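My structure is below; once you've seen it, I'll send some questions.
The values are calculated or read from the model by the stated rules, or taken from the named source; none is laboratory data. This structure is a prediction, so every number in the text was calculated from the model and none was measured. Neighbour counts run over all protein chains shown; Cβ positions are idealised from the backbone, glycine included. Heavy atoms of the whole protein, side chains included, go into the accessibility calculation; ligands, DNA and RNA do not. Shrake-Rupley method; radii C 1.70, N 1.55, O 1.52, S 1.80 Å.
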Amino acid sequence: MYSRGEILKKLFVSTLYLSAFTFGGGYVIVTLMKQRFVDRYHWIEEGEMLDLVAIAQSSPGAIAVNGAIVVGYKLAGLAGALTAIVATVLPPFVIISLLSLCYTAFRDSFVASQLLEGMQAGVAAVIAAVVYEMALGVARDRDPANLVILAAAFFANCCLGVSVVYVVLACGGIGVARTLWRRRRGAAG
């Protein structure tokens, strides 16, 4: 297995790389974090990754940074969280600082605007892949209650226009209630 120093080094390099070369926001980086930390390094189970993403999603702030924090904390405690924060924030900070120096040149550039517009299609595809993988993870669990919650959350947000904040809070409440119910049932049995 990896030593704590090796984990911190790999965590730093991985989150730095993901942050530097990922365009489109937090949902894009979540897929790549799953590929890196679940599929490649096997540091986290797929179910745990879904839980960590849920925590990152429901916490205030950027999902990419929140995701890095919870993964870093899971892997190496406070040192892992701090390592992941620095590695995730550093590339956008440097890139935005450099771009701000050249803002007037890029503001009216046809090539830059077309480049960014083209990236939107790729970002949409990656976000769709994240949604598909997360839904597939819930479906693989084969818990009918999870499937009902998934469908109800989707319907409430997409069809009824219920704010994501309320959907996340409701699902969190349902999760707490289900956990307490299971514990009571386990203690009684």
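Which whole-number percent gives the relative contact order of segment 21-116, counting Cα pairs below 8 Å spaced six or more residues apart?
With pairs under 8 Å counted, the relative contact order is 17 percent.
So how far apart, in nm, are the two label points at LEU116 and PHE155 if each is 7 Å from Cα heading toward Cβ?
3.9
Sticking to Cα atoms, compute the Rg of segment 1-106 to one decimal and its Dmax as the biggest Cα-Cα distance, whole number, in Å.
Rg then Dmax for segment 1-106, in Å: 14.1, 50.
Hey, another quick one. If you stretched the chain out fully between ASP141 and VAL165, how much longer would it get, using 0.36 nm times the residue separation minus the C-alpha to C-alpha distance?
6.2 nm
Tell me, what % of the accessible area of the chain is carbon and sulfur with a 1.4 angstrom probe?
Carbon plus sulfur share of accessible area: 69 percent.
Please compute the length gained on full extension between ILE85 and LEU180, using 0.36 nm multiplied by the number of residues separating them and subtracting their Cα-Cα distance.
Contour length minus Cα-Cα distance gives 31.0 nm.
Now, a different point. Which helices pass in the chain if a helix is a full DSSP H run, must span at least 30 angstrom along its long axis by Cα, and must have mean Kyte-Doolittle hydropathy not below 1.0?
Within the chain the helices that satisfy the rule are 63-101, 110-141.
Let me ask you something else. Taking the alpha-carbon set of the chain, what are its Rg and Dmax in Å?
Looking at the chain, its Cα Rg and Dmax stand at 19.1, 69 Å.
What length, rounded to one decimal in nm, is gained on full extension from LYS9 through to GLU45, with 0.36 nm per residue of separation minus their alpha-carbon distance?
10.9 nm
Defining a contact as two alpha carbons under 8 Å apart and six or more residues distant in sequence, what relative contact order in percent does the chain show?
22
Continuing with this model, one more query. Find out how many positive minus negative residues lie around GLY80, taking Lys and Arg as positive, Asp and Glu as negative, among other residues whose Cβ is under 15 Å from that of GLY80.
+3
Something else about it: How high is the FRET efficiency from TYR103 to SER59, r the C-beta distance, R0 35 Å, rounded to 0.05?
Working from the Cβ atoms, E equals 0.70.
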